[in-house]
Amino acid sequence: MIKHESKKQKTIGLISIGQSKNSELIDEIEGVLDKSIKIKRIGILDSYNREEIIEKFRLDNPHRLLISTLDDGTEVVMNEEIVIDEVQRCINQIEDSVDLMLLLCTSEFPRLNANKPLIIPNEVLHEVVKNFAQESDKIGVVVPDHGQIEHCKKSWIKIGLNPIVKSIPPYSHKNKLMEVANAFKFENNLNLIVLDCMGYTAEMETLLREETGKTVILSRASIAYKVKELIYF
């Protein structure tokens, strides 16, 4: 009888731009991965209280912001430059104890350095969308905050696509989502919608797809399956 060598248990580090103790997003990603994969969670806000977060991450540019939630569901708006520095701190803290790291945010993250493989969702999402989109067509893109729209447009235009960007907070009321669905539904030459934030849920994806009749790409699902594909590569 031939014995097959079992796969060495792998460990993935999940880096949140919020707090990591009670994250529905992280739970959903873990659900996609093989049960044999060990998960190590870390969040850039884990070591700060609310007052410290407000002080440390205060905005100096309303167009370079990131939004996350605390473990109690409270939404926080943060300075993107400070977030990048804190993500690097988390990478340095966990990379020696993991095989691969995943950043749980679809924003652009320049100048990060890692000695282990690091998945940047922004890059994966762009690759996935380009495989579906026609360059002559528009794509609908949804981001959490109005202040992110112009930066988001530039990001998608840079890879050759024509984005129509709307904003909806991840925990928005259904009526707001319906407004955006109606706007996209009647936009000519728009057949693809991207939920460009890891905070958006499968329920939001389903509602947009059913209301618009268009293909909807959910960031968290695309990224989770990419991690599953790469972990034993």
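Taking the condition of a type in the set (Val, Ile, Thr), at pLDDT 95 or above and crowded, with 20+ Cβ neighbours inside 10 Å, does Val129 pass?
In short, no.
With respect to Val87, determine if the residue is among the β-branched types (Val, Ile, Thr), over 10 Å from Gly13 (Cα atoms) and open to solvent by 20 Å² or more (accessible area, probe 1.4 Å). So Val87 fails the test. Applying the condition of being in contact (Cβ under 8 Å) with a residue 40 or more places away in the chain, in a loop (DSSP other than H, G, I, E, B) and of a type in the set (D, E, K, R) to segment 120-147 and asking which residue is farthest from Asn79 (Cα to Cα) yields Asp137. Give the residues of segment 148-159 that are in a helix (DSSP H, G or I) and free of Cβ contacts under 8 Å to residues at least 60 places away in the same chain, sorted by residue number. Residues satisfying the conditions are Ile149, Cys152, Lys153, Lys154, Ser155, Trp156, Ile157.
Contact annotation: residue pairs with Cβ atoms under 8 Å, 6 or more positions apart or on different chains, pairing a residue in segment 189-202 that is more than 11 Å from Pro170 (Cα to Cα) with a partner that is in a strand (DSSP E or B) and open to solvent by 20 Å² or more (accessible area, probe 1.4 Å), are Asn189/Lys138; Leu190/Lys138; Leu190/Ile164; Asn191/Thr215; Leu192/Thr215; Ile193/Thr215. Taken as a whole, the structure leaves Tyr225 outside the set of residues that are closer than 17 Å to Ser68 by Cα, under 16 Å from the mean Cα position of the chain (by Cα), open to solvent by 70 Å² or more (accessible area, probe 1.4 Å) and not β-branched (Val, Ile, Thr). Here Glu86 does not qualify as of a type in the set (Asp, Glu), over 30 Å from Glu229 (Cβ atoms) and at pLDDT 85 or above.
Looking across segment 178-206 at every residue that is in a helix (DSSP H, G or I) and out of contact with any strand residue (DSSP E or B) (no Cβ under 9 Å at 6 or more places or on another chain), the one that is least open to solvent (accessible area, probe 1.4 Å) is identified as Met178. Within segment 17-24, one or more residues are β-branched (Val, Ile, Thr), at pLDDT 75 or above, within 22 Å of Tyr225 (Cα to Cα) and touching a strand residue (DSSP E or B) at 6+ places or on another chain (Cβ under 6 Å).
One residue is enough: does segment 208-221 have a residue meeting the conditions over 21 Å from Leu66 (Cβ atoms), in contact with a Lys or Arg (Cβ under 6 Å, 6 or more places away or on another chain) and either acidic (Asp, Glu) or not in a strand (DSSP E or B) (or both)? Yes, segment 208-221 contains at least one residue that is over 21 Å from Leu66 (Cβ atoms), in contact with a Lys or Arg (Cβ under 6 Å, 6 or more places away or on another chain) and either acidic (Asp, Glu) or not in a strand (DSSP E or B) (or both). Could you list all residues from segment 27-59 that are open to solvent by less than 70 Å² (accessible area, probe 1.4 Å) and at pLDDT below 85? Within segment 27-59, Glu28, Ile29, Glu30, Gly31, Val32, Leu33, Asp34, Ser36 meet the criteria.
Taking Thr201 as the residue in question, decide whether it is among the polar types (S, T, N, Q) and over 30 Å from Ser36 (Cα atoms).
Against the criterion (among the polar types (S, T, N, Q) and over 30 Å from Ser36 (Cα atoms)), Thr201 does not qualify.
Applying the condition of being open to solvent by 40 Å² or more (accessible area, probe 1.4 Å) and assigned to a loop (DSSP other than H, G, I, E, B) to segment 160-171 and asking which residue is farthest from Leu195 (Cα to Cα) yields Tyr171.
Scan segment 11-26 for residues that are open to solvent by 60 Å² or more (accessible area, probe 1.4 Å) and not polar (S, T, N, Q) and jot them down. Passing the criteria: Lys21, Glu24.
The values are calculated or read from the model by the stated rules, or taken from the named source; none is laboratory data. These numbers were taken from a predicted model, which means no experiment stands behind them. Neighbour counts run over all protein chains shown; Cβ positions are idealised from the backbone, glycine included. To get the accessible areas, we keep the full protein, side chains included, count just its heavy atoms, and leave off ligands, DNA and RNA. Shrake-Rupley method; radii C 1.70, N 1.55, O 1.52, S 1.80 Å.
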